[in-house]
Structures are given as C-alpha cells and as structure tokens.
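The values are calculated or read from the model by the stated rules, or taken from the named source; none is laboratory data. Values in this document were obtained by computation on a predicted structure and should not be read as measured data. Note that each Cβ is placed from the backbone with ideal geometry, even for glycine, and that neighbours are counted across all protein chains shown. Areas reflect the complete protein model, heavy atoms only, side chains present, ligands, DNA and RNA absent. Shrake-Rupley method; radii C 1.70, N 1.55, O 1.52, S 1.80 Å.
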Amino acid sequence: MTELWDILDAEGNPTGRLHPRGTPLPPGDYMLVVHVWKHNGRGKWLIDQRAPRGYSALDGKWETTGGCAIAGDTSLQAALRETREELGITLNVAKGQFFRRIRYDKTGENKDRCFFVDVWVFEHDCEIADLTLQASEVTQARWATPEEIRAMQAAGTFLNKGRQGDFYPYFEDMMAQFTPNK
C-alpha cells in the first residue's frame, strides 16, 4: 500500500488533499516532516545513524529521529510515531515541546519537494541497550554532547548539509535553550 501524505498550502494549512509518497509534489503543495530531538536533561542528546539503503548520500550519517507525517497525523503524532518506529521508545508528551517550524521551498536538486519541518524536543532518558532499532532505518544510536555533535558535523559524519541547504538551521538555538549550563 502506498503511503499517503496530507498536503499543506504555503502557509502550512491542510488543504484536504492527499499525495502519494514517491511522486513529485505539484507546485504550491507542501508536505510535513518532523525532526525529533531527545535529551536526557544532563547535556546529552540521543542521536542515531541512518541505515545504508544504497541510494542516498545521507546513508550512514548520524542524525536525529525524523520522517514524514502520514495522512491523518498531527505533527505531534508524527513525532511520536517516528520515534517509536525507529528507536522503539515511547516519549512522554508532557516532557516534550514544539520548538520551531521551518518552510523549505523548491531549490537546487530538490525541485520536486516543498515541505515544512516541525522540530520537537523531548526530555527522555534511557539506556542504549533498551532501544529497539528499526533495522531498515537505523543501524546504531548513542548519547552525544552538543560539542560531539558539532565535531561530527565538521567531520561530515553527522547530517549537516543536504539538497535544501542546512539540515538543522535551528541547531545552535535549540542547544542554547535545552542544554544545561555546565
């Protein structure tokens, strides 16, 4: 069965129309993507490594949990679903908050896709051994400090730049707001 996305207008409002995954979006249509960041409240962030699929320059890169909202998902439901699917954890809604929405328009090589990214931040602590990784999406996970993530970005092992430009243009603002001072 083909996955369907709810289509949003340029202001982020639902249009009531659906679009099948894997086909170019018509001009003026947007889809919703979520980024889900998890921190343990002590300065470390749960990151995961993308599984190699053989068709993307992003294969094997470290990142945060994320994915497309499917038809009927709210932004929060998509964030919770993606985290449960990819890492096998259930986040506590009371320990999460919406951080920011970013609109990406068609540019560069990504001329078939316009989208909004909703960024969610949750406090969640767990042992890596307690995760259930979705093998088709994630190969491993670890806790990392902001400094370690920055070093991974500089080394090219953590997602930093993509076809639409900066993957996480909000990263420094988010780290400043959610990472406790030492």
Open item on the list: Please go through (1) touching a Cys at 6+ places or on another chain (Cβ under 7 Å); (2) at pLDDT below 95; (3) within 26 Å of Ala155 (Cα to Cα) for Gly108 and return the number of the only condition it doesn't satisfy.
Closed with: (1)
- [ ] Starting from region 105-126, keep only residues that are on the phi > 0 side of the Ramachandran plot, then list their pairs with residues that are at pLDDT below 95 whose Cβ atoms are within a distance under 6 Å, requiring at least 6 positions of separation or different chains.
- [x] Gly108/Arg163
TODO: Scan region 22-45 for residues that are within 30 Å of Ile128 (Cβ to Cβ) and touching a strand residue (DSSP E or B) at 6+ places or on another chain (Cβ under 8 Å) and jot them down.
DONE: Leu32, Val33, Val34, His35, Val36, Trp37, Lys38, His39, Asn40, Gly41, Lys44, Trp45
TODO: Consider Lys95 carefully, then state whether it is surrounded by fewer than 16 Cβ atoms within 10 Å (Cβ to Cβ), out of contact with any helix residue (DSSP H, G or I) (no Cβ under 8 Å at 6 or more places or on another chain) and modelled with pLDDT of 95 or more.
DONE: yes
- [ ] State whether the residues of region 145-157 include one that is at pLDDT 95 or above, surrounded by fewer than 16 Cβ atoms within 10 Å (Cβ to Cβ) and either closer than 15 Å to Leu46 by Cα or not aliphatic (A, V, I, L, M) (or both).
- [x] yes
Task: Flag for Ile70 being touching a residue at least 12 places away in the same chain (Cβ under 8 Å) and open to solvent by less than 40 Å² (accessible area, probe 1.4 Å) - done: no
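Listed here are the residues, each with its yes/no results for (1) within 15 Å of the chain's Cα centre (by Cα); (2) buried (at least 18 other Cβ atoms within 10 Å of the Cβ); (3) in a strand (DSSP E or B).
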| site | (1), (2), (3) |
| --- | --- |
| Val36 | yes, yes, yes |
| Gly43 | no, no, no |
| Leu58 | yes, no, no |
| Ala79 | yes, yes, no |
| Glu85 | yes, no, no |
Task: Candidate set from region 1-34 (those that are aliphatic (A, V, I, L, M) and open to solvent by 50 Å² or more (accessible area, probe 1.4 Å)); member that is nearest to the chain's Cα centre (by Cα) - done: Leu4
Task: Filter pass, Arg101 being of a type in the set (Lys, Arg) and not in a loop (DSSP other than H, G, I, E, B) - done: yes
- [ ] Could you tell me whether any residue of region 118-137 is under 13 Å from the mean Cα position of the chain (by Cα) and of a type in the set (S, T, N, Q)?
- [x] no
